[in-house]
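Peer 1: Here you go, one structure.
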Amino acid sequence: MSQLRAAAAAAGGLRRSGPRVAPPARRSRKDASPRRAAPAPAPSPPCSRHLFSDPAETEALRSNLLAWYDRCKRDLPWRTRAATEPDADRRAYAVWVSEIMLQQTQVATVIDYYNRWMQKWPTLQALAQASLEEVNELWAGLGYYSRGKRLQEAARKVVSELAGRMPRTAEDLQKLLPGVGRYTAAAIASISYGQATGVVDGNVIRVLCRLRCIGADSSSPAVIDRLWDMANALVDRSRPGDFNQALMELGATVCVPKAPLCGECPVKQHCRARLRVEKELASASQKLLGKATPVPDVEDCGAGGCSLCPPAAEPWDSSLGVTNFPRKAAKKQPRVARAATCVLERRGLEYLIVQRPSSGLLAGLWEFPSLPLAQDLQEEKQREALAEHLQTWIGQPVVAGDLQLIGEVVHIFSHIHQTYVVYSLSLDGDVTLDPASSPSRWVTEKEFHASAVSTAMKKVLKVCEKQREKRSNPGQGSKRKRGAKAQGTGSTSPGTQLSLRAFLRPPTAP
Ligand code: SF4
């Protein structure tokens, strides 16, 4: 489901507002000549190999896919609720929560969060009464934290402005609920209300592009538009919710990105990418037998006129088989960022955490006091800046040299490659926090894990704890494999050098 689902939803959003059109340039008198620029040629309509133009084939595809779904679908809590909840508002709410959680996130991760969420807030009304802090606490670790916040804002809107009644069509859901894009609206409406509308998420994009050999950039608004048209035409009129889920399920479990299980695919007889592979294989074996090679009728549409074929510069690659499709423009590289963060401990019992601003990345979440760093800032300067930053939180001077460098933790946010340079500092005495500064509090380790903290901060604490363990038991370090990284993704620790130094030290006299 993951990233593509949200990308498709976003692309759907692009379509809603229409392509961005630059305002016409004001023409000077000189420009107002009778000469006119030649109009750009209209894109040619896609050829029939990219469409589902045979009603009998469409019917057969629907029926094969639904029969497979009935046999093989995964048992998921939101499906159970959608199938058994008699109240339409509760049903739509249950589907809505699942769809928001599944954006950018794997099904296996979502299940536990979903169950806890629905137990805590089984209705829109219950969610509307929750505090943002509670929402963030439950969401902690699921990532993309603005999703929970927007879900709650939209629930409040339904309760306060729509008398607690969920909009009943995809169009109204999208129009009236903040944070609900074209994909989410269509998923809620088809699954909860049986509206015959298709959906396009990352899984559907992959399946449709393979079924119909669509090799143009699948993240472009023009191709996404075509895929929406296709999904709307394909959706089963009597079981739209099941059909949409079946198409997504196929993409998630069979028609997977890297090694699709074409042999087990319930719609393989309708798949033109597979047909092309089969024809190539048949052609190759004919050649081996020295027979005339039949010309496969699976070539691209023509000399560059088709808006859905692969670009001429990137033709079909036989070594990739069906995974030639879909194709996407190269992803933008994530921004690289560095921050210094300090695990500040009081009396060996509690940690200081501070709250992030209420907007922007990780809005409203709690973290160890942190500050952004310039990429090339020397360690000495980092310490000084961090010491000064800590002083603003605890209201007493901090000696830069007392900060202990623990190592680095790398965390990838959707668009940021973030490195935290981790320091620690232990304070023996009591420290009173300044209530005038932004929210901050001392928490035990247990409270830290129950707070609305990001996964990155949990990694920071883990690396700190590992380092502490190692210091209290230095012998353990020598058991590590050379070059192994400290616990926690992408972290390194200066402490790993201790055993090496000990090893190189000249022997001392007995
Ligand atoms: Fe995907 Fe293979 Fe099925 Fe085609 S036959 S839809 S490529 S799994």
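Peer 1: When you go through ALA273, ALA282 one by one, which is the residue that is among the aliphatic types (A, V, I, L, M) and more than 10 Å from the ligand (Cβ to nearest atom)?
Peer 2: ALA282
Peer 1: Which of the residues that make up the range 248-272 are of a type in the set (A, V, I, L, M, F, W, C) and within 13 Å of THR58 (Cβ to Cβ)?
Peer 2: Hit for the range 248-272 is VAL267, nothing else.
Peer 1: Considering the range 180-238 alone, what residues qualify as being in a loop (DSSP other than H, G, I, E, B), of a type in the set (A, V, I, L, M, F, W, C) and more than 16 Å from the ligand (Cβ to nearest atom)?
Peer 2: Residues satisfying the conditions are VAL180, ALA196, VAL199, ALA216, VAL235.
Peer 1: Of all residues in the range 157-169, which are in contact with a helix residue (DSSP H, G or I) (Cβ under 9 Å, 6 or more places away or on another chain) and either in a loop (DSSP other than H, G, I, E, B) or open to solvent by 10 Å² or more (accessible area, probe 1.4 Å) (or both)?
Peer 2: LYS157, VAL159, SER160, GLU161, LEU162, GLY164, ARG165, MET166, PRO167, ARG168, THR169
Peer 1: Being at pLDDT 90 or above and near the ligand (Cβ under 10 Å from one of its atoms) narrows it down to one residue among VAL267, VAL336; which is it?
Peer 2: Exactly one residue qualifies, and that residue is VAL267.
Peer 1: Next question, about the same structure. Would you check which residues across the range 320-339 are open to solvent by 50 Å² or more (accessible area, probe 1.4 Å) and within 16 Å of VAL204 (Cα to Cα) and list them?
Peer 2: Within the range 320-339, just LYS328 meets the criteria.
Peer 1: Go through GLN119, GLN125, GLN106 for me and flag whichever is at pLDDT below 95 and over 23 Å from TRP366 (Cα atoms).
Peer 2: Exactly one of GLN119, GLN125, GLN106 is at pLDDT below 95 and over 23 Å from TRP366 (Cα atoms), namely GLN106.
Peer 1: Kindly list the number of the only condition in (1) open to solvent by less than 20 Å² (accessible area, probe 1.4 Å); (2) β-branched (Val, Ile, Thr); (3) within 13 Å of the ligand (Cβ to nearest atom) that fails for VAL256.
Peer 2: Unmet for VAL256, out of (1) open to solvent by less than 20 Å² (accessible area, probe 1.4 Å); (2) β-branched (Val, Ile, Thr); (3) within 13 Å of the ligand (Cβ to nearest atom): (1).
Peer 1: Among helices (runs of 4 or more DSSP H) lying entirely in the range 60-139, which contain 3 or more residues that are open to solvent by 70 Å² or more (accessible area, probe 1.4 Å)?
Peer 2: Per the criteria, 77-84, 107-120.
The values are calculated or read from the model by the stated rules, or taken from the named source; none is laboratory data. Every value quoted in this text rests on a predicted model; they were computed, and no experiment measured them. FYI the Cβ positions are ideal-geometry reconstructions off the backbone, even for glycines, and counts take in every protein chain you see. When the accessible area is computed, the model is the full protein with side chains, heavy atoms only, and any ligands, DNA or RNA have been set aside. Shrake-Rupley method; radii C 1.70, N 1.55, O 1.52, S 1.80 Å.
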